[in-house]
Amino acid sequence: MKIRIWGARGSIPTPSTTDFVTSRYGGNTTCVSVEIPGRMVILDGGSGLRNLGLALVERGVPVKADFFFSHVHWDHIQGFPFFVPSFMKGNEFTLHGAVHERETGVVGSVLENALRGQQRSLNFPIQLADMGAKLVFEEVGAGATVKLAGISSHLTIRTVELNHPGGCFGFRIEEHGTAGESGSFVFATDTEHFAEVNPKLQDLARDGDVLLYDAQYTEDEYDGKKGMLRKGWGHSTWRHGLREAAKAKCKRLLLTHHDPMHDDWTIARIESDARREGAKIGVAVAAAYEGLEFEL
Ligand SMILES: [Zn+2]
Ligand SMILES: [Zn+2]
């Protein structure tokens, strides 16, 4: 499967300026594509989704894809109104998201409520129902596994509930071919660590090839030694990412959900610290950036 990062920023898009450069790692919020011949999966619809949409339009063929939304915080859905393929008749998208009542008074598909709400006429000129493409909502719960067939292999997408205000799914995507499993990718952003490793994440990431993990804060930021105390905000640090990856025997750790207060220089420093510590325990570390593409 081919994986591409379209957005690795957390919380809010962070454009590069002369004083605050973010062009190396990118300023768009979370979006990742996973593709095998005959099937595309899109993880989250942050502002990075806009560029993925433009790339799909370039291909000039009808687009069919399955979205999986970790949760509906704004930075994970805000790209959807700017996803050009969803305005084009003949395209078809299945939108997988949480079922259960995560907010008082919201019953039914949390995802559908959030996407419709985001495009109410007060917020956006074109409503979800008028977008042109066929949009099908599929509810998915924690612990579920969805199987999607490609041409010569299939993907399985397994969900677990992570530790984040309002709830958030982590996903494990595996490709299974006729010659056996060829790769596993674990998507775990918007999750706060516990004192010990998170058993649910351990289960999800066990022996995985790549763990994409929420490393929004440095240890000092999280502990409030630098700025506000961030405990309870639902995000984690690269040190905890390393601990999760090492314990789960995951070979590679990719840091993501970069804090909007972190410019390229800060992220590069975090990356080099994490890489050095990772090398001591046999985990290869890198910071995710927009445009990063790899095959598993
Ligand atoms: Zn987020
Ligand atoms: Zn969130």
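The values are calculated or read from the model by the stated rules, or taken from the named source; none is laboratory data. Just so it is clear, the structure is predicted and the values come from calculations on it, not from any experiment. Using ideal geometry, Cβ is built from the backbone for each residue, glycine included, and neighbour counts are taken over all protein chains shown.
Of note:
- Which numbered condition Phe169 fails, given (1) surrounded by fewer than 22 Cβ atoms within 10 Å (Cβ to Cβ); (2) among the aromatic types (Phe, Trp, Tyr); (3) within 16 Å of ligand 1 (Cβ to nearest atom): (1)
- All of (1) within 16 Å of ligand 2 (Cβ to nearest atom); (2) at pLDDT 95 or above hold for Ile42 with one exception: (1).
- Taking the criterion of being in a strand (DSSP E or B) and surrounded by 20 or more Cβ atoms within 10 Å (Cβ to Cβ), the residues of segment 270-296 that qualify are Val285, Ala287.
- Of all residues in segment 185-197 being buried (at least 24 other Cβ atoms within 10 Å of the Cβ) and away from ligand 2 (no atom under 16 Å from the Cβ), the one that is farthest from Leu211 (Cα to Cα): Phe185
- Meets criteria (crowded, with 24+ Cβ neighbours inside 10 Å, farther than 26 Å from His154 by Cβ and in contact with a Ser or Thr (Cβ under 9 Å, 6 or more places away or on another chain)) for Arg24: no
- Any hit, segment 14-23, residues being at pLDDT 95 or above, assigned to a helix (DSSP H, G or I) and touching a His at 6+ places or on another chain (Cβ under 9 Å): no
Matching residues to (1) at pLDDT below 95; (2) in contact with a helix residue (DSSP H, G or I) (Cβ under 6 Å, 6 or more places away or on another chain); (3) within 16 Å of ligand 1 (Cβ to nearest atom):
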residue: Met88; (1), (2), (3): no, no, no
residue: Val99; (1), (2), (3): yes, no, no
residue: Glu112; (1), (2), (3): yes, no, no
residue: Ile126; (1), (2), (3): no, no, no
residue: Asn163; (1), (2), (3): no, no, yes
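- Filter result (outside any loop (DSSP other than H, G, I, E, B) and of a type in the set (Ser, Thr, Tyr)) within segment 157-194: Thr159, Ser182, Ser184
- Residue within segment 260-273 that is under 16 Å from the mean Cα position of the chain (by Cα), among the aliphatic types (A, V, I, L, M) and within 16 Å of ligand 1 (Cβ to nearest atom) present: no
Residue by residue, here is whether (1) closer than 18 Å to Pro15 by Cβ; (2) touching a Gly at 6+ places or on another chain (Cβ under 9 Å) holds:
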site: Glu244; (1), (2): no, no
site: Cys250; (1), (2): no, yes
site: Asp259; (1), (2): yes, yes
site: Asp263; (1), (2): yes, no
site: Ile270; (1), (2): no, no
site: Ala274; (1), (2): no, yes
site: Ile281; (1), (2): no, no
site: Glu290; (1), (2): yes, yes
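- Residue match in segment 213-226 (condition: more than 19 Å from Ala8 (Cα to Cα) and in contact with an Asp or Glu (Cβ under 7 Å, 6 or more places away or on another chain)): yes
- Selection from segment 68-85 of residues that are more than 16 Å from ligand 1 (Cβ to nearest atom) and in contact with a Leu (Cβ under 8 Å, 6 or more places away or on another chain): Phe82, Phe83, Val84, Pro85
- Residue count for segment 222-240, restricted to those that are within 16 Å of ligand 1 (Cβ to nearest atom) and free of Cβ contacts under 8 Å to residues at least 40 places away in the same chain: 2.
- Residue within segment 230-253 that is of a type in the set (A, V, I, L, M) and farther than 17 Å from Asn198 by Cα present: no
- Residues in segment 66-86 that are away from ligand 2 (no atom under 15 Å from the Cβ) and either at pLDDT below 95 or surrounded by fewer than 22 Cβ atoms within 10 Å (Cβ to Cβ) (or both): Asp66, Pro81, Phe82, Val84.
- Beta carbons closer than 9 Å, at least 6 apart along the sequence or on distinct chains, pair a first residue in segment 245-258 that is within 10 Å of Ala205 (Cβ to Cβ) with a second that is basic (Lys, Arg) and surrounded by fewer than 21 Cβ atoms within 10 Å (Cβ to Cβ) for Ala245/Lys251; Ala245/Arg252; Ala248/Arg206; Lys249/Arg206; Cys250/Arg206.
- Looking across Trp233, Trp265, one residue alone is among the aromatic types (Phe, Trp, Tyr), modelled with pLDDT of 95 or more and in a helix (DSSP H, G or I). It is Trp265.
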